[in-house]
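Read the figures in this text as sums done on the coordinates, not as results from a lab. Here the structure is a predicted model, which is why all the values come from computation and not from measurement. Note that we place each Cβ from the backbone using ideal geometry, even for glycine, and neighbour counts take in every protein chain shown.
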Amino acid sequence: MPDTCTLPTGLYYKSEARPISELKRIFHGSMGDTSFEKWLEYRDRARKDLFWLGKRVLKKDLVSCHIESCSLFVPKNFDGVYHNGYTIGEVHKAIGAQQREREMMFLDPRGAYKSTIDGIDAVQWLLNCPDIRILILTGEYKLALAFMSEIKGYFYRPEDTDPTILQQLFPEYILHGKDGTSDQPLNCPARIHITQKEPSLWVNAIVANLSGWHCDVRKMDDVVTDENSNSIDSRAKLKTKIDGTDNLVDEWGFTDIIGTRYFVDDYYGERIRAPKDDAPLKYHCRACWTVKPPFVDTPLLQLRSNMVDLLFPEKLNFKSLRAKLSKNETMFRCQQLNEPAAEGSFITFSEDILRLHLTGIMPKEGRRYIAWDTSYARDDKADYSCGACGVVVQGDPLPELHIVEVIYGKWKPSELIFQMIQFELKHRPDTTLIEETSGSEFLKMELQRVAQIRQCPLHLIWKKPGTEADSKRNRIKSLETLLADDRLYFLMGPWIDETFLQFTRYTGERKNRGRKDDIPDAVSYLQFFVPSTANNEQMKLAMAEAERKARAQSIYNTIFETPAHHAPIPQIAEPSIKRRLFGSLAHV
């Protein structure tokens, strides 16, 4: 249809960064029968109405609960900012003039589209300000790349395809070829000031080296994860790292913090507690449901659908939420209710961290120990038995545990004893620890009998299982501390893949839903021999008992002329002189 626009061609329309004369050339044929004036109105609304941009233009399944979500982001209005020859300084001033606190924290349930809306907001910033510099930080690099792919996907137009509504409204932003498909930073085609060092939008993991970059908008989306915040030290280090990125945001810039809670003292909790006068924060936190007043005292697992009002029933319906709750209450409270409930209950081993502690060098010095988690395979449902051999070496300043071999399998009693003796002969440990169970008496007798036949000296400690609740979980959890402190290492071998698989799948849940945890259990017993991690009083008692039994066996052998295998008194590696002078051994 003929162009009936009566706007002066030399002027700039509202928040447009280009004059009307140039916009006419861009518009030509881009939206069929839509008039130029209507096209301009749609562009202006897309820049100012985040919910409309997401639902009507980008065709996301946003519903009424997302109106509130969208209202938390910076309401953008760049009317009158642009003119012929505008400077980058004027752009920065206009960004700083937007009306909202400099930092916003939005904690919403997992699966409630908070990250989707965060990405749409990045698109809206680009539409308002083609010279903007946006940095998106996440807890994991793969997630960061997914953000980049999603945002680029809005602008990317493959060959021989029809343009999307967004691309019809903003054809000057369209990406082609590798510019729209690579994981490289996004350089906006509509950018006016092309000499800026930083790209229009780039992503990274929070653990990366970020110095030297500056941005106008910093988006931190799920920077806190179950893996990077699973200990007090790791949470403190993460906070320091995040706080360091404050210097990347120029004084006129904005920060959006999106996520879910894990721990009381995670970054989100610490940021909320910062003085509001010194560090203003727009804060909003929601749960997947709100318990109705008559049922507020009902235990979580006893709640029924008629007792709650759902936040996002179109997707997070009661049945799906109930299934998540029944599988893992702690994670449900963290991920769906935004309660910092993971303290002391959630265990996570990252494969990336485990592989950083993989070594190809066998320790030349140190004391060698073996620990066993045993079970008799009388049917297909029996547990695996596992033996782990570790070497305790003196590190700087604290001792380290190097796991040099792990063996595991479903073995019948005779097979288990054979495997245990073979393992002893191969590694010649100073001491072997075996958990004392209901079947231990038979195991004790048979081990001694076969050991004498094979001429294999045994230096055994039979450890009674812990009587406290969650003793195994707490024992395995303490390996997190060793790993975080760079005091736990694994020697490369054919057993590594299964070992790391069991570690990464272990969560500390009482019901492990069929996942094997025998290897983490056996490895955790080796901490018994590591100074500053083992319970030293318990260690002394065990050593005294082992010495008493060794002397009694020696007397028996002398009387009855039985060949004696004199077991030396088991020892643990001595702590350093500095450690003995300035600090006592810690207890786990």
Global geometry of the range 384-479, whether rounded, prolate or oblate, following the gyration tensor of its Cα atoms and the 1.5 cut on a/c: oblate
Stretchable slack from residue 300 to residue 358, in nm (0.36 nm times residue separation minus alpha-carbon distance): 16.7 nm
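What is the sum of charges, Lys and Arg at +1 and Asp and Glu at -1, for the other residues whose Cβ falls under 11 Å from the Cβ of residue 492?
Overall, the nearby charge balance is -1.
Apply 1/(1 + (r/R0)^6) to the Cβ-Cβ distance of residue 284 and residue 310, taking R0 = 22 Å, and write down the FRET efficiency to the nearest 0.05.
The pair residue 284/residue 310 has a calculated efficiency of 0.80.
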Inter-label distance, nm, simple model (7 Å from Cα along the C-beta direction), residue 22/residue 252: 1.8 nm
Unsatisfied cross-links (Cα-Cα over 19 Å) in the set 152/178; 24/60; 14/93; 142/516; 152/315: 24/60; 142/516; 152/315
Shape call, the range 265-409: gyration tensor on alpha carbons, a/c limit 1.5: oblate
Within the range 1-113: Cβ-based charge dipole about Cα centre, in debye rounded to nearest 20 (Lys, Arg +1; Asp, Glu -1): 180 debye
Largest to smallest principal axis extent of the C-alpha atoms in the range 86-285, angstrom: 52, 35, 29
